[in-house]
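The block underneath contains the structure these notes are about, expressed in structure tokens.
Just so it is clear, none of the values below were taken in a lab; they were calculated from the coordinates. Since the model is a prediction, treat every value here as computed from it, not as a measurement. Every residue, glycine as well, gets a Cβ built from its backbone with ideal geometry; the counts of neighbours run over all protein chains shown.
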Amino acid sequence: MATRDPHEARDRQGPGWLQLLVDQAGVPELEAHRRLLVADGADEARTDQEARSAVEVALLLQERRQRAVELAALNDIAGHLAAVADPADLLVEVVDQARRLLGVDLTYVALLSGEDLRIEVASGDRSSALVGIRLPRTAGLVGSVAGTGTPRWTSDYAADPELVHEEGADRAARAESIRGLLGVPLAVRGRVLGVLLAAKREERRFGPHEISLLSGLGAHAAVAIHNARTAAELREAKEGLESTLRLDADLTRAVLAGGDPESLVERVQALTDVPVRWVEHPADGAVGAALAGAARSGEPGPVVAGAEIVQPVAAAGQLFGALVASGPGAVTDPVTGVAPPRGLSGEPDPADALLLLERAAPLIALTLVGARATARAAQLGRDIATVDLLSRAEPDVAADHRRWRGAGLDPRRPHVVVVVEGDPDAARRHVAGLGLGAHVASAVHHDRFVLVAPAALDVEARWGAQEAPVAGLAGPVVETAGLRAAWSEAARTARALTALGRRPGSGGGLSRGDDLGVFAVLLSRAGTRELQEQVERELGAVLAEEGRRGVPLTETLEVFLDQGRRPTATAAALRVHVNTVYQRLATLDGLLGPAWRERALELQVLLRLGRAARELDGLVPAHSPGPALGRSR
């Protein structure tokens, strides 16, 4: 029998175990090599042992090569994810890469949203029941992972009794035929953002390697999601700042150009689809109620009034009005608690009408403050010019005409003069509502409101009687001398009306001196001297006793007569005890004689006229609380 050449046997057997492992031979190749060795007469038991060892080493090498490939893939994915700027695109990339790496049927991401989890995106889904579903934070496997911050898997989701089964989550799982399910947290610095899940539509057990692989991808994805969100927030903040700066610049240009509130509202309206309007001095309705509530709370920000947003416009504690944005509905902002306006399509307006209102409000307030300051300065200049006309003569005709024009008047036209007793501000507001136009002058002179107006405006017909201020009228006159004389006459008439008890709302608010009838004669300078003499004759003893004792006998007499000679009513009006009134009446009986009550009407007229005369002469204030008669000097 011939001897077999060992070299020939090695040639037929091919490379050895080591070379096969170096060449990355698989299990079939190693098994084929074992059969060949046994066929060539190698020891079968020893060969089987060598084959098993080679297979173990081959599988280990294959696993390590797979790990290296996966690690390289993770690194590539991490770099790719870092380059995706849009968070929505990033989520799509994450689920696609997870599905490819693990070789599963379905992958999806659920992110925390308030107290819920919302499935944002999926890869491999075959129904519309998955994406967009909101789940409680404790529901299912996803809730368990989000709550604990650790990976978890189940081989058969529907049959796992340890999971909290919630109908919405179970319905979505049935729609996708999910059985084997693995979830890992998406966390950054210990804060869970959401959960990354991989699913099989058959029963599946997930090993440590798969958990580690998906966890690694989840870690990269979480960092990328956090960075993308931060970058998006920074971009939005930058865009918001740029938009705010553009808006401020635009509105500031409008303010510097002398824009009124309406023109500024037009600028705001051009930047949003939400209807915006300017409301001046809102007092009634929902807008007024909302502003009243804001004033009580001291909050300068926008307030909700039904389906409208009301932005107060105020400065230095003074409310000028409000910007009102309205739309078909409002959605409450979860951060501010304010309902932002919605556009005509029903969606929140992209131009952020709230920001526009908040930025426009202080500029409109600034415009109004400036306009009012300008108006006050102009009014002050006209007041000074008007007072100058009423106070002194100007021999230079040209200079005198300049004074007229400085007061807003035409020196060639006849004018009337109105003098109002009482509150000058109330008088100015009344005159502002008469619609007299621009060619009138007004001022406060000697604590009285004075109006100089062209006679053609017929102020007398416009003035009104009910609730109108009590005023004296004189004119028409021309030239400055006539104007000063008219001022004196109108002022005396106004003082006479007030002295005679005329008040707003009593009818006939505007009167001429001739309208006083006999009172005009009695209250003339000659008449007042005669009245004083008559008072001395009739009431001299009372005045002397009053001066000696300091008891207000004349006041008691006048009030007693005004109250219809009723002691109780007189005591109430004087705020004294009725016995005091009886005592004073007894003193009057002794001074005037028992027959004075028969001349009660004559004495009442005398007392009232005497008082009116002294008020006109400036002896007592026009609004003092009682008659305060006394001897003139």
Exposure proxy check on Val444, Val542: fewest-to-most Cβ neighbours within 10 Å is Val444, Val542
Hey, can you rank 155-162, 559-566 by average C-beta count inside 10 Å, highest first? 559-566, 155-162
Taking r as the C-beta separation of Leu434 and Ala398 and R0 as 25 Å, the FRET efficiency to the nearest 0.05 is 0.20
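Ranking Ser113, Ser326 by Cβ neighbours within 10 Å, fewest first, what do you get? Please list the in-between numbers first.
Details: Ser113 13, Ser326 19.
Ordered by Cβ neighbours within 10 Å, fewest first: Ser113, Ser326.
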FRET efficiency estimate (nearest 0.05) - Cβ-Cβ, Arg277 to Ala307, R0 22 angstrom: 0.95
Given charges at beta-carbon only (K, R positive; D, E negative), |dipole| of the stretch 103-232 in Debye: 360
Report the full-extension gain for the segment Ser177 to Lys238: residue separation times 0.36 nm, less the Cα-Cα distance, to one decimal in nm. 17.5 nm
Is the C-alpha gyration tensor of the stretch 394-510 telling us rounded, prolate or oblate? Criteria: a/c under 1.5 is rounded; beyond that, a/b larger than b/c is prolate, otherwise oblate. prolate
Expressed as a whole-number percentage, the relative contact order of the stretch 394-510 with C-alpha contacts under 8 angstrom and at least six residues apart is 32
Using Cβ contacts closer than 10 Å as the measure, can you line up Trp487, Trp596 from fewest to most? Trp596, Trp487
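Which FRET efficiency value, to the nearest 0.05, do you get for Ala485 and Ala375 by plugging their Cβ-Cβ distance into 1/(1 + (r/R0)^6) with R0 = 35 Å?
0.70
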Search the structure for amide H atoms under 5 Å from the amide H of Val313, placed 1.01 Å from N in the peptide plane, and list their residues when 5 or more places away or on another chain. Phe320, Gly321, Ala322, Leu323
Which whole-Hz couplings ³J(HN,Hα) result when phi for each residue of the stretch 570-575 is put into the Karplus expression 6.51 cos²θ - 1.76 cosθ + 1.60, θ = phi - 60°, listed in order with x for Gly and Pro? 5, 4, 5, 5, 8, 6
Could you calculate the contour length gain from Arg253 to Glu460, that is, 0.36 nm times the residue separation minus the distance between their Cα atoms, to one decimal place in nm? 70.1 nm
Between Ser215 and Ser128, how many nm apart are label points set 7 Å from Cα along the C-beta direction? 3.9
Pairs of alpha carbons in the stretch 78-192 whose separation is greater than 18 Å (percent): 50
Stretch Glu31-Arg597 to full length: gain in nm at 0.36 nm per residue minus the Cα-Cα span? 188.9 nm
